[in-house]
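The values are calculated or read from the model by the stated rules, or taken from the named source; none is laboratory data. Fair warning: this is a prediction, and the values are worked out from it, not measured in the lab. Cβ atoms come from the backbone with ideal geometry, glycine included; neighbour counts cover every protein chain shown. We work out accessible area using only protein heavy atoms, side chains counted, and drop any ligands, DNA or RNA first. Shrake-Rupley method; radii C 1.70, N 1.55, O 1.52, S 1.80 Å.
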Amino acid sequence: MATAQQWIQAARPRTLPAAVAPVLVGTGAGIDLGGFSWLRGGLALIVSLALQVGVNYANDYSDGVRGTDTVRVGPTRLVGAGLATPGTVKRAAFACFGVAGLAGLALAAMTSWWLVPVGLASVAAAWFYTGGPKPYGYAGLGELFVFVFFGLVAVLGTTYVQAGTVTLWAVIAAIGIGLLACALLMANNLRDVHTDVDAGKRTLAVLLGEPLSRKVFALMIVGAFLAVLALSPSHPWCLLGFLAVPLAVLPTRAVLRGARGRDLITVLGQTGRLEFVYAVLVGAGLALEAWT
């Protein structure tokens with residue numbers, strides 16, 4: 001039977017900044033638009049965190065039953081290591097999706113019911129990443145869906161529930177967050193690229209090959225800071241985002257210099273930290289425009 005610590009590890013704490021970051025930026029954009037609610041922001045955070053943990057458990061289950069995790073470099077998986085039954089992990093994933101659904105329904109009741117189909121699409125994207133007969137994560141589409149759901153949808157959804165509308169500036173900020181979320185996934189897939197090839201899992205890193213994937217990782221980081229630059233003419237306080245540049249140096253250098261295996265676990269933590277700090281700074285920059 002898996003211990004509590006093993007369940008926490010399987011929830012992949014290093015990926016949780018990808019859930020918190022879009023809510024921070026979306027809240028900053030909402031404040032910039034004159035709207036803010038602790039309750040709605042808190043519910044949006046619950047939705048995002050529950051979906052992130054849910055997708056991590058869903059991946060544990062789906063990869064485990066497919067045998068993808070038989071040989072693994074990264075954190076221990078519950079199903080792959082035989083620490084929990086597939087059914088138990090699957091129920092944990094859907095319990096998380098249920099929590100996200102309840103928080104999402106509360107937000108929809110407060111704002112607009114069109115959030116319900118968006119929420120259903122988010123849950124479907126979380127499950128079918130590695131679940132179902134044709135998981136899109138096995139076809140090199142993981143980064144695209146992460147960009148859409150943990151970038152655009154999460155940031156703009158948070159902005160909407162706070163302010164009742166979205167702006168071009170919120171979209172640009174969402175692009176920056178989405179690119180960093182993609183970089184987090186790319187680092188993860190680079191770590192597992194050799195075992196994924198053997199298991200028949202065709203992630204974007206497998207399709208592009210290691211040399212090009214490493215360059216794409218760096219471009220994703222650069223693209224996030226270009227989004228800050230694009231925000232600066234109308235929102236100069238967002239230049240605070242460049243204070244996160246030093247945090248980008250170590251993971252980018254490590255990836256470009258060929259870090260492999262367990263070294264990329266460190267890169268994952270560094271990239272997650274970068275995304276979180278970037279979100280704090282950009283979100284604060286957006287909010288400060290309303291207060292100055």
Looking only at segment 86-105, decide whether some residue is touching a residue at least 60 places away in the same chain (Cβ under 8 Å) and charged (D, E, K, R).
no
Could you identify the single residue in 85, 158, 130 that is open to solvent by 30 Å² or more (accessible area, probe 1.4 Å) and either of a type outside the set (A, V, I, L, M, F, W, C) or touching a Gly at 6+ places or on another chain (Cβ under 7 Å) (or both)?
85
What is the one condition in (1) touching an Asp or Glu at 6+ places or on another chain (Cβ under 8 Å); (2) buried (at least 23 other Cβ atoms within 10 Å of the Cβ) that residue 149 does not satisfy?
(1)
Looking only at segment 159-170, decide whether some residue is in a helix (DSSP H, G or I) and over 26 Å from residue 28 (Cβ atoms).
no
Looking at residue 43 and the list (1) under 20 Å from residue 3 (Cα atoms); (2) buried (at least 16 other Cβ atoms within 10 Å of the Cβ); (3) in contact (Cβ under 8 Å) with a residue 24 or more places away in the chain, which single condition is not satisfied?
(1)
Single condition residue 84 does not satisfy, out of (1) outside any helix (DSSP H, G or I); (2) at pLDDT below 90:
(2)
Within segment 11-37, the residues that are modelled with pLDDT of 90 or more, open to solvent by less than 10 Å² (accessible area, probe 1.4 Å) and closer than 13 Å to residue 53 by Cβ are 19
Can you say whether residue 102 is open to solvent by 50 Å² or more (accessible area, probe 1.4 Å), modelled with pLDDT of 95 or more and within 15 Å of the chain's Cα centre (by Cα), as far as the supplied structure shows?
no
Does any residue of segment 110-130 turn out to be part of a loop (DSSP other than H, G, I, E, B) and either acidic (Asp, Glu) or under 19 Å from the mean Cα position of the chain (by Cα) (or both)?
yes
The listed residue being open to solvent by 40 Å² or more (accessible area, probe 1.4 Å) and either more than 12 Å from residue 183 (Cβ to Cβ) or touching a residue at least 24 places away in the same chain (Cβ under 8 Å) (or both), out of 280, 267, 255
280
Within segment 68-79, can one find any residue that is of a type in the set (Asp, Glu) and not in a helix (DSSP H, G or I)?
yes
